[in-house]
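Input: a single structure, listed below in C-alpha cells.
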Amino acid sequence: MSLRENLKATWLWYSVLCVFCWGAWALLSKLGSREIPPETMQFLFTVGTLPVAIALLVSRRFKLEKSKKGISYAVVNGILSGVGGLTLFAAYHTNGNTSLITVATALYPMITVVLAVLILRERLSATQLLGLAFAGAAIVLFSF
C-alpha cells in the first residue's frame, strides 16, 4: 500500500485516535493512582466506561448480539482487561517511573503476536521478527 492509500485508510485514523486516548488515559491513570488505591481506580474506570456502553447500545437501538461465541470472547476480554487495568493501576500506585511502567505494559502486542502465531497460525516475516527483537531490546534499554 502506498503512503497516500494508508493516509486514506479508516483504520489508520481510528488507530491515531486510539493512541491519543490511551496516552491521555495512561497519564490520568498515574495521576489518579497517586491519590486513590488501585481497586478504587479500577472501579471508577469501569464506571467511566458506562456512558460509552450506553451510547453504543442506544446507537444500535438496543439490539443485542446473539453469537454465544462472540459474547464469550467479549466477556473474557473484559475480565482480562479489568485484571490488566487493576495491575497497571497497582504499578502506578507504587510511585514507580510512569514512563517505564507505561512502556513496559505497552509491550502487550508482543504477547498478541506470539499467540497469533501459535493459535491462529499466522506467519511472521523476517522484518517482523526483527521488529519484535528490537521491541524486546528497547524495553531493556529503556529500563536503564
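A short reminder: the numbers here are calculations on the coordinates, not readings from a lab. This one's a predicted model, so the numbers in the text were calculated from it and none came from an experiment. Neighbour counts are summed over all protein chains in view; Cβ atoms, including those assigned to glycine, are modelled from backbone coordinates with ideal geometry.
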Contact order relative to length for region 3-96, counting C-alpha pairs under 8 Å separated by 6 or more residues, stands in percent at 47 percent
The local net charge around A74, scoring Lys/Arg +1 and Asp/Glu -1 for residues other than A74 whose Cβ lies under 13 Å from its Cβ, equals +2
Connecting every pair of Cα atoms under 10 Å apart in the chain and solving the GNM, the largest mean-square fluctuation among A24, A126, A74 falls on A126
GNM of the chain, Cα pairs under 10 angstrom: of T98, T127, T40, the biggest fluctuation goes to T127
In the chain, helical segments from DSSP H whose Cα atoms cover 27 Å or more along their own axis and that average at least 0.5 on the Kyte-Doolittle scale are 10-35, 38-59, 68-93
To the nearest 20 debye, region 3-96 has a Cα-centred charge dipole, built from +1 on Lys and Arg Cβ and -1 on Asp and Glu Cβ, of 500 debye
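Where a ≥ b ≥ c are the square roots of the eigenvalues of the C-alpha gyration tensor, would you call the chain rounded, which needs a/c under 1.5, or, failing that, prolate if a/b is larger than b/c, or oblate?
oblate
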Listed residues L130, L44, L31; largest mean-square fluctuation, Gaussian network over the chain with Cα springs below 10 Å, found at L130
With label points set 7 Å from each Cα along the Cα-to-Cβ direction at R123 and S81, the distance between them in nm comes to 3.3 nm
